[in-house]
Amino acid sequence: MSESARADWLRRLPKTELHLHIEGTLEPELMFALALRNGVTLPYPDVDALRAAYDFHNLQSFLDLYYAGAGVLLTEADFYDLTWAYLERAHADRVVHVEIFFDPQTHTERGVPFETALAGIRRALVDGEAKLGIGFRLILCFLRHLSEDAGFAALEQALPFLSQIDGVGLDSSEHGHPPEKFARLFARCKALGLARVAHAGEEGPADYVWQAIRLLDVARIDHGVRALEDDALVAYLAEHRIPLTVCPLSNIKLRVFDTLADHPLRTLLERGLVATVNSDDPAYFGGYVGENWQACADALDLTRAELVQLARNGIEASWMDDAAKTRWYAEIDTLAAEPA
Ligand code: HPA
Ligand code: ZN
């Protein structure tokens, strides 16, 4: 099979996106347009200067820029435009279902009401389902560098809108902010019927993955690549089919691994884990989900069977209903059966 035929096959493969921070889809061009619209001054003269600053050496160096960039998001229309631009881009990569994170504390701390962010994001997601056929779920992420009490305050603001929120997550600076810091908050979320996920094992140790499982009772682990350092943990994740939402280009940009050729994506599959491919913060990390798939296929020389397994894992790991899962498994099987 030629390279271009393989790229075309990969483009047509139905994909999910289960690890995507909507604030991380803010492209420099849109950031400047929203700054102009809202009368916000950015500390960069132009788009090129901003992009040149995207030279990260770890998670924190990225987060500092990511939170500053989100400062241009003020109105419901801003959140709509942000989310709609992402959905159109995802659609081009044949993403058929998204489960996206938003960080309400990043916005409420700046005086933007919780419901402003929620309403704009949701309106775009509803339009995306109607016009682009992209199914969706929405996950509220708590910022782990803030206190558990601050998380409870964010949850309090979300209470009138819980019918519009499918789950909660945990993101931001991992070092020094273990999942156990949020055990009471996640227990309350569980009692409210919210599904739970958490970032763990990106920069933090395998023990943080154990904590997320045992103390937060999560359905998935976001990143989780450092789970490979603990054989008992790998066995547990495999046995219980707890998915990992892996973000390959993010891992390279934030220097979790040196190059994609060193990335353990294949090892995760070989160990029987439900590993999935996602883009994390694509405007900052140099690639949307399609680029993550293509770059991994190239760098790791993934076989068609491995690519099919990754696509099936995305469906299994998602929270779409069973009828939708059956539909997408069938479509993936059809692509799998095409002559190579
Ligand atoms: N890790 C932790 N927090 C984040 C990330 C990430 O990759 N992206 C946005 N917030
Ligand atoms: Zn993330």
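The values are calculated or read from the model by the stated rules, or taken from the named source; none is laboratory data. No experiment lies behind these values; they were computed from the predicted model shown. All Cβ positions, even for glycine, are placed from backbone atoms using ideal geometry, and neighbour counts span all protein chains on display. These accessible areas exclude ligands, DNA and RNA; they are computed on the full protein's heavy atoms, side chains included. Shrake-Rupley method; radii C 1.70, N 1.55, O 1.52, S 1.80 Å.
If a/c stays under 1.5 just call it rounded; otherwise compare a/b with b/c (prolate if a/b is bigger, oblate if not). Do that for the range 46-139, with a ≥ b ≥ c from the square roots of the Cα gyration tensor eigenvalues.
It is oblate, given that a/c is not under 1.5 and a/b is not larger than b/c.
Could you tell me the number of lysine pairs in the range 10-335 with C-alpha atoms less than 30 Å from each other, where the two lysines are 8 or more residues apart or belong to different chains?
Lysine pairs, 8 or more places apart or on different chains, close enough: 8.
With a Förster radius of 25 Å, plug the Cβ-Cβ distance of residue 301 and residue 238 into 1/(1 + (r/R0)^6) and report the FRET value to the nearest 0.05.
Efficiency, from the Cβ-Cβ distance: 0.60.
Express the accessible area of the range 10-335 per residue in Å², computed with a 1.4 Å probe while the remaining protein chains stay in the model.
That works out to 37 Å² per residue.
Set the Förster radius R0 to 41 Å, insert the Cβ-Cβ distance between residue 157 and residue 323 as r into 1/(1 + (r/R0)^6), and round the FRET efficiency to 0.05.
0.75
For the chain, what is the charge dipole size about the Cα centre, in debye to the nearest 20, if Lys and Arg each add +1 at the Cβ and Asp and Glu each add -1 at the Cβ?
The calculation lands at about 680 debye.
Just subtract the alpha-carbon distance of residue 109 and residue 75 from 0.36 nm times their residue separation and send over the number in nm, one decimal.
10.8 nm
Are there trypsin sites (Lys or Arg not before Pro) in the range 123-209 that DSSP marks as loop and that have at most 13 other Cβ atoms within 10 Å, and which are they?
none
Under a 10 Å cutoff between Cα atoms, tell me which one of 303, 108, 83 has the largest fluctuation in the Gaussian network model of the chain.
Among 303, 108, 83, the largest GNM mean-square fluctuation belongs to 303.
Of all the accessible heavy-atom surface of the range 10-335, with the other protein chains kept in place and a 1.4 Å probe, what percent is carbon and sulfur?
For the range 10-335, the apolar C and S fraction of the accessible surface comes to 52 percent.
Quick check: pseudo-label points 7 Å beyond the Cα along Cα→Cβ at residue 231 and residue 184, how many nm apart are they?
Taking the simple label geometry, residue 231 and residue 184 are separated by 4.0 nm.
How large is ³J(HN,Hα), in whole Hz, for each residue of the range 33-41 in order, when computed from phi with the Karplus curve 6.51 cos²θ - 1.76 cosθ + 1.60 and θ = phi - 60°, using x for Gly and Pro?
These are the phi-based 3J(HN,Hα) values: 5, 6, 4, 5, 4, 9, x, 9, 9 Hz.
Give the calculated FRET efficiency between residue 48 and residue 175 to the nearest 0.05, with a Förster radius of 35 Å applied to their Cβ-Cβ distance.
0.65
Could you tell me which of rounded, prolate or oblate describes the range 183-271, using a ≥ b ≥ c as the square roots of the eigenvalues of the alpha-carbon gyration tensor, with rounded for a/c under 1.5 and, failing that, prolate when a/b is larger than b/c and oblate otherwise?
Prolate is the answer for the range 183-271, as a/c is 1.5 or above and a/b outweighs b/c.
Compare the peptides 199-206, 14-21, 75-82, 173-180 by average per-residue count of other Cβ atoms within 10 angstrom and give them in order, highest first.
14-21, 199-206, 75-82, 173-180
Is the range 227-328 rounded, prolate or oblate when judged by the Cα gyration tensor, a ≥ b ≥ c being the square roots of its eigenvalues, rounded requiring a/c under 1.5 and prolate requiring a/b larger than b/c?
Note, shape of the range 227-328 comes out oblate.
Output the relative contact order of the range 10-335, whole-number percent, from Cα pairs under 8 angstrom with separation of 6+ residues.
Dividing the mean separation by the residue count of the range 10-335 yields 20 percent.
In what sequence, highest mean first, do 236-247, 34-45 appear when ranked by Cβ atoms within 10 angstrom?
236-247, 34-45
Take every Cα-Cα pair in the range 10-335 and report what % of them are more than 26 Å apart.
43
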